[in-house]
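Chemist: Mind having a look at this structure? Questions to follow.
We did not get these values from a lab; they are worked out from the coordinates using the rules stated. Keep in mind that this is a model prediction, so the values were computed, not measured. Cβ coordinates were reconstructed from backbone atoms using ideal geometry, including for glycine residues, and neighbour counts include every protein chain displayed.
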Amino acid sequence: RTYPHVEDTLNHFARRNIKLAVVTNKATRFTEQLLADKKLDSWLSATVCGDTLAVKKPAPQPLSHALKLMNVAPDEAVMVGDSKNDVGAARALKLPVICKTGGYNHGEDIALSQPDAIFDDFSELPDCIDQVWHAGQ
């Protein structure tokens with residue numbers, strides 16, 4: 001099962017023609033199957049997995065690769081993640097970063113990684129992005 005409100009949030013972004021990507025350290029064979037099983041793959045413009053490149057997050061190259069695949073400039077992007085690796089990769093590219101609580105962060109509170117914003121429920125994500133985006137403009 002996906003988190004509550006994920007589909008509504010994805011619809012929100014789709015209505016606004018916002019491109020989405022998954023950048024994960026998990027292997028392609030697991031990621032693609034999971035995204036297909038959860039019917040999330042059709043929302044995505046790019047998927048970059050842990051075995052796509054020679055390096056993984058927190059290195060910035062996976063994020064940079066996803067942006068290139070989508071033809072999106074770093075100053076037009078926001079990273080949404082759930083781990084300190086996500087924060088590290090985003091910071092290396094100077095991207096704003098927003099994190100979901102309760103994610104894959106080895107039991108460490110994501111607030112300790114100092115993302116620009118934190119959300120608990122996906123219904124909060126659009127407003128979170130707007131706040132972070134406008135703060136950086």
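Chemist: Could you tally the net charge around THR52, taking each other residue with its Cβ under 14 Å from the Cβ of THR52, Lys/Arg +1 and Asp/Glu -1?
Modeler: Surrounding charge for THR52 is +3.
Chemist: Determine the sum of side-chain charges near ALA92: Lys and Arg each +1, Asp and Glu each -1, restricted to other residues whose C-beta is under 13 angstrom from that of ALA92.
Modeler: Numbers: positive: LYS56, LYS57, LYS84, ARG91, LYS94; negative: ASP86.
Summing Lys and Arg as +1 and Asp and Glu as -1 gives +4.
Chemist: Another question about this same structure. Summing -39500 (n - 2.57) over the DSSP H runs of n ≥ 4 in the chain and dividing by its residue number, what mean residue ellipticity at 222 nm do you reach, to the nearest 500 deg cm²/dmol?
Modeler: Estimated from H runs of four or more residues: -11000 deg cm²/dmol.
Chemist: For segment 6-136, count the residues as N, evaluate 2.2 N^0.38 Å, and divide the Cα radius of gyration by that value, please.
Modeler: 0.98
Chemist: Evaluate the Kirkwood expression for the hydrodynamic radius of segment 42-97, namely the inverse of the mean inverse distance over all pairs of different C-alpha atoms, and round to one decimal in Å.
Modeler: Working: mean 1/r = 0.0885 Å⁻¹.
Kirkwood radius, segment 42-97: 11.3 Å.
Chemist: Scan segment 68-137 for GluC sites (Glu not before Pro) in coil per DSSP, keeping those whose Cβ has at most 13 other Cβ atoms within 10 Å, and list them by number.
Modeler: Here the GluC sites (Glu not before Pro) that fit, given the DSSP loop and packing criteria, are GLU108.
Chemist: State to the nearest 20 debye the size of the charge dipole of the chain about its Cα centre, where the only charges are +1 on K and R beta carbons and -1 on D and E beta carbons. Don't jump to the answer; show the numbers that get you there.
Modeler: Working: 15 positive and 18 negative charges, 108 e Å.
Its charge dipole is roughly 520 debye.
Chemist: Now, a different point. May I ask for the net charge around PRO62, where only other residues with Cβ less than 13 Å from the Cβ of PRO62 are counted and Lys, Arg are +1 while Asp, Glu are -1?
Modeler: Numbers: positive: LYS26, LYS56, LYS57, LYS68; negative: ASP51, ASP86.
Here the charged neighbours net out to +2.
Chemist: Counting other C-beta atoms within 10 Å, which of ASP41, ASP116, ASP8, ASP82 has the fewest, and how do the rest follow?
Modeler: Ascending number of Cβ neighbours within 10 Å: ASP8, ASP41, ASP82, ASP116.
Chemist: Okay, moving on. With each pseudo-label sitting 7 Å past Cα toward Cβ, what's the GLN131-ALA111 distance in nm, one decimal?
Modeler: 1.3
Chemist: Shifting gears a bit: Determine the percent antiparallel among the DSSP beta bridges restricted to the chain, to the nearest 5.
Modeler: Details: 0 of 9 bridges.
Around 0 percent antiparallel, to the nearest 5.
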